[in-house]
Amino acid sequence: MDLLSVLKERGMEQVLGPAQAAGSAAEASLHADLAGVDWTMLDRQRAALKKEVALPQGEILPPDLKPASTSGDPASAAAAARGWEALRAGRVAVATVAGGQASRLGFHGPKGAYPIGPVAGTSLFQIMAGQLLRLRQLSGAALPWIIQTGPGNHLETQTYFADRSWFGLGRDSVQFVCQGTLPALSPDGQFLLESPGALFRNPDGHGGFYRALRNGGIGPKLREAGIDLVYYCQVDNPLVRMADPAFLGFHLEAGARMSVKVVEKTEPGEKVGLIIQRDDARLGCIEYSDLPDELAEERAADGGLRFRAGNIATHCFELGFLEEMAEAFLPLHLAHKQILSLRGGRHLVEQPGIKFETFVFDALPLADHSMVQLAERSEEFAPVKNRNGCDSIATSRHALVARNQRWAGALSAELGAATLEIEAGLCYDAPDLASRQAHLRLRGGGHFLTASP
C-alpha cells in the first residue's frame, strides 16, 4: 500500500507534517499507526460526519415481553428447564464486556476490580466469577468465560485475575480479548494527533465486541468445544444473573439469533436505551438521547409507559450470528468532544473533535429472529456508573444489600435485618441459597454469609 497515495486520495496528507518535522522516529511511529487504519471504516466515519441521526422508519411498536426469570411465572420455569438442559450439555459460554476504567468512581484500576461488596469489598469481577463457579457446580459444564477488555486496561485486567488465581475458575477457562480503536477526526474529517507520531484514537464502543471475538479467534474455539450459545453482559452490574437459564431457554424457544433483557423504565426521561419493535417485526434500540419526548411519554391502557422496555445490555447470541456481526457494517455513533490534540504540529490544545463508536445492540435489526425478556429491576439491575447520584456506588450497593436481605430473610428474620454480603460463589439465586440453608454461617461481625467448613 502506498500510504501517501491513500492519504492524498482523501486529502489527508497533512497528517504527516508534524512527524516529518519531529524526525525519523516520529515518522516511523506514525507510519506504523497509519498502517493499522481500516480505510474502509475511515471512509464510513468521514461520511457519517454529514449524516443526521435517523429513527427507524415506519410504525414503532412496543415489543412482546417474556416474563421475568424471578417472577414465578410457569412460562419462566419451563424456559429455565430448557436453559439448564443447554447448560448441562455444554452449549453455553459467557462473555463480559469490561473495557472501562473506574476513574469516574474515584478508583484506580479496571472497573471490574471495583470493590462493590458492602462488607468484604468483593469486586464486580469476583461476584461474577462466583456465579460462574456455582453454575459450573450445578451444571457440571465447563462454561468458559470470555472477558473483553479495552486498550487501557487489558494487561492490568489479566494481571488482576492472575494475582487472584482466576478466582478458582482455572486459567484456561478464562479468555481475554481486547476491543479495537477508531481514530478520532476533526469536524472537517481530518485525523487528530495525540503526538507527532501517533493518531488520537478512542475505543470502538461495545459494538467492537464482535470484532474483538473474531480477532481473538474465539469462534472456532467455542465451536470446537460444542458451544453454540453465548450469554453477554456488562461488568458494571453486580445484580446480573450470569448465563440465566430462563433467559437462555426463552432464547432457544424463540429460535432467536439475538435476544435482549430489559427492565421497565421508571419514568420517561430515564437514561436507558429503548427496545422497540419495527414494522417489519424486527427489534431495534433507540438511544435515550435520540428518543422524541412524545414517544417517551406515551401511555398504555394500564397507565404505564407504552414504551417501557429499557435496555440493560444483557444479551444471548447464536454463535453463528456473533461471527456474522464481526463482518457487518454497524451504524457509527458520533460523540462531539473537546479533544486534547496537536495544533499546528507543536502544542497540545483542547479543540473540537469527534469520537466514533459502534453499539452492540445495533445488531438487533439484523437478527431475523429475536426475543425480549423482562427482568425485575430489584433482582437483576443496579449498575454502578457514577461516583454519586443516579446509578452510583451508593445506589448499586444499596440494591445489592436489599437483594441479599430478601434472599436471606426468607430463611431467617435475623439475616434479613443485617447489612448483609453473601459470599461470592455461595449460591446462584434465592432458591439455591435456600437449598444450602443447613450449611450457612455468619462471620465478620454477623454480616458476611458463607458456608460452614
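Every residue in segment 398-434 that is basic (Lys, Arg) and either in a loop (DSSP other than H, G, I, E, B) or surrounded by fewer than 19 Cβ atoms within 10 Å (Cβ to Cβ) (or both), please.
Step one: list which residues in segment 398-434 are basic (Lys, Arg), which gives 403, 406.
Correct list: ARG406 only.
Yes or no: ARG164 charged (D, E, K, R), over 23 Å from ALA19 (Cβ atoms) and free of Cβ contacts under 8 Å to residues at least 60 places away in the same chain? Step through it out loud before you land on a result.
Details: charged (D, E, K, R): yes; over 23 Å from ALA19 (Cβ atoms): yes; free of Cβ contacts under 8 Å to residues at least 60 places away in the same chain: yes.
Considered against the rule, which asks whether it is charged (D, E, K, R), over 23 Å from ALA19 (Cβ atoms) and free of Cβ contacts under 8 Å to residues at least 60 places away in the same chain, ARG164 comes out as yes.
Which residue pairs have Cβ atoms under 8 Å apart, sit 6 or more places apart or on different chains, and have a first residue in segment 57-80 that is within 17 Å of VAL372 (Cβ to Cβ) and a second that is of a type in the set (Lys, Arg)?
Close Cβ pairs (under 8 Å, with a partner that is of a type in the set (Lys, Arg)) amount to ILE60/ARG278; LEU61/ARG278; PRO62/ARG306; PRO62/ARG308; SER69/ARG241; ALA75/LYS66; SER76/LYS66; ALA79/LYS66.
Go over the candidates LEU169, LEU155, LEU138, LEU185 one by one and state the one that is closer than 16 Å to ALA102 by Cα and among the hydrophobic types (A, V, I, L, M, F, W, C).
On the way: LEU169 fails: closer than 16 Å to ALA102 by Cα; LEU138 fails: closer than 16 Å to ALA102 by Cα; LEU185 fails: closer than 16 Å to ALA102 by Cα.
Just one listed residue meets the conditions, LEU155.
Scan segment 291-310 and tell me whether some residue there is more than 23 Å from GLY389 (Cβ to Cβ) and part of a strand (DSSP E or B).
Yes, because at least one residue in segment 291-310 is more than 23 Å from GLY389 (Cβ to Cβ) and part of a strand (DSSP E or B).
Exactly one of (1) outside any loop (DSSP other than H, G, I, E, B); (2) in contact (Cβ under 8 Å) with a residue 12 or more places away in the chain; (3) within 22 Å of the chain's Cα centre (by Cα) is unmet by GLU194. Its number?
(3)
Here are the criteria: (1) surrounded by fewer than 18 Cβ atoms within 10 Å (Cβ to Cβ); (2) on the phi > 0 side of the Ramachandran plot. Tell me which single one ASN386 does not satisfy.
Evaluating ASN386 over (1) surrounded by fewer than 18 Cβ atoms within 10 Å (Cβ to Cβ); (2) on the phi > 0 side of the Ramachandran plot leaves (2) as the failure.
Restricting attention to segment 372-407, report how many residues are touching a helix residue (DSSP H, G or I) at 6+ places or on another chain (Cβ under 6 Å), closer than 28 Å to GLY249 by Cβ and hydrophobic (A, V, I, L, M, F, W, C).
Within segment 372-407, residues that are touching a helix residue (DSSP H, G or I) at 6+ places or on another chain (Cβ under 6 Å), closer than 28 Å to GLY249 by Cβ and hydrophobic (A, V, I, L, M, F, W, C) number 2.
When you scan segment 100-115, how many residues do you find that are within 12 Å of GLY150 (Cβ to Cβ) and among the basic types (Lys, Arg)?
1
Residues of segment 49-63 being surrounded by 13 or more Cβ atoms within 10 Å (Cβ to Cβ), more than 14 Å from ASN311 (Cα to Cα) and modelled with pLDDT of 85 or more, which ones?
Within segment 49-63, LEU49, ILE60, LEU61 meet the criteria.
The values are calculated or read from the model by the stated rules, or taken from the named source; none is laboratory data. Because the structure is predicted, anything quoted here is derived from the model rather than measured. Cβ: placed from backbone, ideal geometry, glycine included. Neighbour counts: every protein chain shown.
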